[in-house]
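Taken together, the values in this text are just the output of simple stated rules run on the coordinates, not laboratory data. Treat the numbers as computed from the prediction; the structure is a model and nothing was measured. Cβ sites come from the backbone with ideal geometry, for glycine too, and all protein chains shown count toward neighbours.
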Amino acid sequence: MKSIAGIIALSAALVTNAYALEYNQVQPEASEIRFSYTQMGVTMRGGFSRFTGELRFNPEQLEQAYVMIEVDLASIDTGIREADTEVTQPVWLHTEAFPTARFESSAVEALDEQNYTVSGHLTIKGTTQDISVPASFAAENGVGGFSGAFRINRADFAIGEGMWASFDMVANAVEVQFQITATGGD
Amino acid sequence: MSPPNNRYTSTAKTLHWLMAVLLLGTLAMGFYMTDLPFSPEKLQLYSWHKWAGITVFLLALIRLAWRLRYPPPPLPATTPRWQHWASHTAHWALYALMLAIPLSGWLMSSAKGVPTVWFGVIPIPDLLSRDLALGETLQTVHITLNWLLIALLIAHVGAALKHHWLDRDTVLLRMLPQFKHRQGELS
């Protein structure tokens, strides 16, 4: 009897989670924003350790979905320790004048039950670009996970100017990978 | 066919001089690049240095294989026993360093989180995962081995010049490209 009751309770919880819960609390410590780039043929991996986010996501009410992620650029790990301070310089990210990078959604579209396209504005170093980001969503026990990857060109945001502007050494394309964990709240 | 036992094969000579140029170039690049401010030139030199290092490693393997098949000519019979011993030890230490130095550099690079891609095309697997403290240790190992290499190179060149100018034998000349033709007049 106990186990049947348990199954019913669990099913009810799952149904609730899948259909009614709004995910609105980003959990940065359970999330990851990473990136990769190519330096003279070598693929390097890096990431950001500090970012915050705002979220409103209910698969049933996509027209109200909203996400904003703000990344503290000084928390960068470029994969090369010496480069971590270099990229805060004005020719790179100029973190003194532009401490954060920010993505803010304008629309969320469902491709199927798990896959979405998030359109929005990405602002880095004072330049804003419209981008659309593919994101897959999966939820379990009230914890939702969004993951995906998208590509930006560093030159579009003037990241790496002057002697770094040539792509011979550091390639233009930067792939950003994210895994954002969120929980539901009131 | 083996050459007469007082000569090196031309392959051995080519490998020796190729290696001499590569080792000196890679060494010089290594000392120069580490002091540069962070710049595209610095990254470029690091890549070139690593490519050269892997090349040295592979050439050293080829050289060792060649040496086993075609042993080098013996030292002059008049060479004192301690010099025989010193010469053998120094040569094997040089070979060991030609392998150990690139190896330590490659491991250091892996530990520092920068994979090595030979000539920007062929990825060399990372044997170590990123560990910055281990990277620092391996850097010390890499630098120390290089100072040892410099000391041995000085001894090597010094000994060759001593053979040429003091002993007036053919130990230096027989490693030169034209030795074949001048052998008669010199021996």
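Where nothing but the Cβ of Lys and Arg (+1) and of Asp and Glu (-1) is charged, how large is the charge dipole of the protein assembly as shown around its Cα centre, in debye to the nearest 20? Please list the in-between numbers first.
Numbers: 25 positive and 32 negative charges, 663 e Å.
For this selection, approximately 3180 debye.
Can you find, among B:I154, B:L127, B:L166, the residue sitting farthest towards the positive end of the charge dipole of region B:127-175, where Lys and Arg contribute +1 and Asp and Glu -1 at Cβ?
Most positive-ward Cα: B:L166.
Helix-only estimate, please: 222 nm mean residue ellipticity of chain B, summing -39500 (n - 2.57) across DSSP H runs of length 4 or more and dividing by its residues, to the nearest 500.
The helix-only estimate for chain B comes to -24500 deg cm²/dmol at 222 nm.
So for A:S75, A:S166, A:S36, B:S47, fewest C-beta neighbours within 10 Å to most, what's the order? Intermediate results must be reported in sequence, preceding the final value.
Values: A:S75 14, A:S166 11, A:S36 17, B:S47 22.
Ascending number of Cβ neighbours within 10 Å: A:S166, A:S75, A:S36, B:S47.
Report, to two decimal places, the Cα Rg of the protein assembly as shown normalised by 2.2 N^0.38 Å (N = number of residues).
1.47
Of B:T78, A:T43, A:V170, which is farthest on the positive side of the dipole of the protein assembly as shown, counting Cα position, with +1 on Lys and Arg Cβ, -1 on Asp and Glu Cβ, and the Cα centre as origin?
It is B:T78.
If you build a Gaussian network model of chain B, linking Cα atoms that sit under 10 Å apart, which residue out of B:G53, B:G30, B:G158 swings the most?
Result for chain B, Cα springs under 10 Å: B:G158 fluctuates most.
Using the crude model of +1 on Lys and Arg Cβ and -1 on Asp and Glu Cβ, and no other charge, please compute the dipole size for chain B relative to its Cα centre, in debye to 20. List each step's numbers first, then the result.
Numbers: 15 positive and 8 negative charges, 137 e Å.
Magnitude of the dipole: close to 660 debye.
Which entries in the list A:K125/B:K42; B:K13/B:K50; B:K13/B:K42 go over 27 Å, if you measure between the two C-alpha atoms of each?
Working: A:K125/B:K42 25 Å; B:K13/B:K50 24 Å; B:K13/B:K42 33 Å.
From A:K125/B:K42; B:K13/B:K50; B:K13/B:K42, over 27 Å: B:K13/B:K42.
Binning at 5 angstrom from zero up to the longest distance, how are the C-alpha pair distances of region B:10-186 distributed in percent?
Once binned at 5 Å, the Cα pair distances of region B:10-186 give 1, 7, 14, 19, 18, 13, 10, 7, 6, 3, 1, 0.
For the charge dipole of the protein assembly as shown, defined by +1 on Lys and Arg C-beta atoms and -1 on Asp and Glu C-beta atoms about the Cα centroid, which residue among A:P28, A:A158, A:P134 has the Cα displaced farthest towards the positive pole?
A:A158
Calculate one ³J(HN,Hα) per residue across region A:175-185 by plugging θ = phi - 60° into the Karplus curve 6.51 cos²θ - 1.76 cosθ + 1.60, and present them in order as whole Hz with x for glycine and proline.
9, 10, 10, 9, 9, 10, 9, 9, 10, x, x
Which value, to two decimals, describes the C-alpha radius of gyration of region A:2-184 once divided by 2.2 N^0.38 Å? Don't skip to the answer; put the middle values down first.
Working: Rg = 18.8 Å, N = 183, 2.2 N^0.38 = 15.9 Å.
Computed over Cα atoms of region A:2-184, the ratio equals 1.18.
What helices in chain B pass both tests, a Cα length along the helix axis of 18 Å or more and a mean Kyte hydropathy of -1.0 or higher, using whole DSSP H runs? Write out the running numbers ahead of the final one.
Numbers: long enough: B:10-34 (36 Å, 1.09); B:40-69 (44 Å, 0.30); B:81-111 (44 Å, 0.31); B:132-165 (49 Å, 0.98).
Membrane-span-like by this criterion, though nothing is claimed about a membrane: B:10-34, B:40-69, B:81-111, B:132-165.
Rank the residues B:Y32, A:Y23, B:Y8 as a footprinting-exposure proxy: fewest other Cβ atoms within 10 Å of their Cβ go first.
Ordered from fewest to most neighbouring Cβ atoms within 10 Å, B:Y32, A:Y23, B:Y8 come out as B:Y32, B:Y8, A:Y23.
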